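Everything below concerns the one structure shown next.
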Amino acid sequence: MKNLNAEKMENNVKHEGIVQSIEGLNVTVKMTVNSACSGCHAKSICGAADSRDKVVVAQNVNGAKLAVGDTVTVEMRQTLAMKAVVICYLVPFIILFASFCLMYMVSSIEWLNVLVALSLTALYYIILWFFRKKIEKKVTFVVTPSPQI
């Protein structure tokens, strides 16, 4: 018989981090992204793999006793991580490429084609910014205390 909790935990993207601040259930965590990204299949397009430090706001859904400076594990379901990659990288690329190709068929003025393609991509990111609160509710990080060795 399969352990469903263990299976769910294996489908999470996890990073270690240090608690920077705590406000209610919201915990601000500074993560140093390292070789843990090597096992992720989205590492080549994920912004987290390219940078050293990331600061995220995670939810302390288990009500664990945390203090500033504690080492914690930040988790996100892998399906949500893939949705975030699609929203942030794949959709804008499709908009950019498709709008450029359509404009190329309509107009032979290259600078205009590029301007329209970039403008539509920028419009997409502006729309995302307006819906950021709704997106934040769906794409959440969960924080748990790291096991002490």
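The values are calculated or read from the model by the stated rules, or taken from the named source; none is laboratory data. Here the structure is a predicted model, which means the values were calculated and not measured. Backbone-built Cβ (ideal geometry, glycine too); neighbour counts: all protein chains shown.
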* To do: Within the range 54-86, track down each residue that is at pLDDT 85 or above and touching a Cys at 6+ places or on another chain (Cβ under 9 Å).
  => VAL85
* To do: Tell me, please, whether a residue that is of a type in the set (Val, Ile, Thr) and in contact (Cβ under 8 Å) with a residue 60 or more places away in the chain can be found in the range 123-139.
  => yes
* Sort out for me the helices (runs of 4 or more DSSP H) sitting completely within the range 62-149 that have 2 or more residues that are farther than 30 Å from THR28 by Cβ and over 24 Å from the mean Cα position of the chain (by Cα). => 91-106, 110-130
* Asked: Can ALA67 be described as among the small types (Gly, Ala, Ser) and buried (at least 17 other Cβ atoms within 10 Å of the Cβ)?
  -> no
* To do: Exactly one condition in (1) at pLDDT below 90; (2) more than 15 Å from PHE141 (Cβ to Cβ); (3) assigned to a helix (DSSP H, G or I) is not met by SER51; state its number.
  => (3)
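For the range 51-92, name all the residues that are among the polar types (S, T, N, Q) and touching a residue at least 24 places away in the same chain (Cβ under 8 Å).
Residues satisfying the conditions are GLN59, ASN60, ASN62, THR71, THR73, GLN78, THR79.
For the range 74-92, enumerate the residues that are among the hydroxyl-bearing types (Ser, Thr, Tyr) and within 13 Å of VAL142 (Cβ to Cβ).
We begin by selecting, within the range 74-92, every residue among the hydroxyl-bearing types (Ser, Thr, Tyr); these are 79, 89.
If the condition is that a residue be among the hydroxyl-bearing types (Ser, Thr, Tyr) and within 13 Å of VAL142 (Cβ to Cβ), then no residue fits.
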* Residue check: is SER38 of a type outside the set (Phe, Trp, Tyr), modelled with pLDDT under 80 and not in a helix (DSSP H, G or I)? -> no
